[in-house]
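Visitor: First the structure, which I've put down as structure tokens, then a few questions once you've had a look.
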Amino acid sequence: MSTQPNNTSDAYKQAGVDIDAGNALVEAIKPLARSTARSGSDAGLGGFGALFDLRAAGFRDPLLVATTDGVGTKLKVAITAGKHDTVGIDLVAMCVNDLVVQGAEPLLFLDYYATGKLDVAAGRAIVAGIAEGCRQAGCALVGGETAEMPGMYSDGDYDLAGFSVGAVERDSALTGAGVTDGDVVLGLASAGVHSNGYSLVRRLVEKSGLGYADPAPFAPGQTMAEALLTPTRIYVKSTLAAVRAGTVKAMAHITGGGLIENIPRVLPDGLGVTLDAKAWQFLPVFGWLARTGGLSALDMARTFNCGLGMVVICPAGMADEAARILRDGGETVYTVGRVHTLADGQPRVTVEGMDTEWPL
């Protein structure tokens, strides 16, 4: 006698996986994916893979550039606050900002959304954010994976991962190899903490005794959740315009490791950067974090972006033009430092005046 249930879908649902909810989410997000269509891709969902036509996108001799990243424990803030509509922007930003520093134009994006129990409304809000991020970056949301895994995640918990592919003409790729002594360093303002350091941020919120529904002491008119969930700024269109104008030698996306760890990634051996802490706005959220945690300026500079989400290195004679193009693209631009030859034992990145100028 067979013991198999008559309805295997019900059996799977009883095990904790709701196929109908998954199908409902796919239908709900199809219009969101279509809204990101661009030349080279129709951004349709439902197949086993997605095709992209580089020639239709206007490339002659392209190199492909691929990135992957996540949102990290910033998701815990979103889950606790029940606010899921911005973390998708973070997901896209963390990938496409890494692409553009190579001079690459983001072309396509895929996401991986894993949860213990699928909530269609939350899932749609997450993917709506991903679609908004893709529109800001000019790339197509061509597919993804939704995994309902009871026992792996608690109900309400989820994780996100993103994958992006871009392209750059072979003779236009940014490698940092041409950076030289005397080049000017521009800093592009961040929107806030972006998507790094949230294990520390959440611990400091707990230490402060504040809840995520409480008013943020550093952001009048916003709750802690609203302020801390401000999405990562996407720098793609503005920086690509500056790159294509021939005004940029290198760029660094300021993520985990802050200013201290990220800028050296695009500097040739023997060169360093000196930054002037007086040259840009140290956002109030960072002052609050530093005071709450008793963090030194050096701790801040090697953990957070401290108000600069992207650093752009330009020839001295083109820095003003690069800054103009970036401002025309909507960025707040600061001239923050210079590239120099390193002396023996000198750190790759020095931030002058950070102990006296930053409101720690």
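Visitor: Work out the length of the dipole vector of the chain about its Cα centre, built from +1 on the beta-carbon of each Lys and Arg and -1 on the beta-carbon of each Asp and Glu, and round it to the nearest 20 debye.
Guide: 320 debye
Visitor: For the chain, with a Gaussian network of springs between Cα atoms less than 10 Å apart, report the residue from Val179, Val312, Val101 with the top mean-square fluctuation.
Guide: Between Val179, Val312, Val101, it is Val179 that shows the largest mean-square fluctuation.
Visitor: Highest mean first, what order results for 341-350, 195-204, 218-227 on Cβ atoms within 10 Å?
Guide: Listed from highest to lowest mean packing, they are 195-204, 218-227, 341-350.
Visitor: Taking region 57-105, how much of its Cα-Cα pair set, in percent, is spaced more than 16 angstrom apart?
Guide: Counting every Cα pair in region 57-105, those more than 16 Å apart make up 51 percent.
Visitor: Next up: Give me the distance between the Cα centres of region 66-109 and region 155-231, rounded to whole Å.
Guide: Region 66-109 and region 155-231 have Cα centres spaced 9 Å from each other.
Visitor: Related question: If I model a spin label as a point 7 Å beyond the Cα along the Cα-Cβ vector, how far apart are those points for Arg170 and Ser296 in nm?
Guide: 4.9 nm
Visitor: Can you list the equivalent-ellipsoid semi-axes of region 213-360, largest first and in whole Å, using the square root of 5 times each Cα gyration tensor eigenvalue?
Guide: Those come to 27, 21, 12 Å.
Visitor: Continuing with this model, one more query. Counting only heavy atoms of protein chains, what accessible area per residue, in Å², does region 93-146 have with a probe of 1.4 Å?
Guide: In whole numbers, region 93-146 has 26 Å² accessible per residue.
Visitor: Here's a follow-up. Which of these values of log10 I(q)/I(0) by the Debye sum over Cα atoms at q = 0.07, 0.11, 0.12 Å⁻¹ was calculated from the structure shown: (1) -0.34, -0.78, -0.91; (2) -0.30, -0.75, -0.89; (3) -0.41, -0.85, -0.94?
Guide: Among (1) -0.34, -0.78, -0.91; (2) -0.30, -0.75, -0.89; (3) -0.41, -0.85, -0.94, the one calculated here is (1).
Visitor: Further, regarding this structure: Show me 261-269, 65-73 ranked by packing, highest mean number of other Cβ atoms within 10 Å first.
Guide: Averaged packing, sorted descending, gives the order 65-73, 261-269.
The values are calculated or read from the model by the stated rules, or taken from the named source; none is laboratory data. Quick caveat: nothing in here was measured; it's all calculated off a predicted structure. Reconstructed Cβ throughout: ideal geometry from the backbone, glycine too, with neighbour counts over all protein chains shown. Heavy atoms of the whole protein, side chains included, go into the accessibility calculation; ligands, DNA and RNA do not. Shrake-Rupley method; radii C 1.70, N 1.55, O 1.52, S 1.80 Å.
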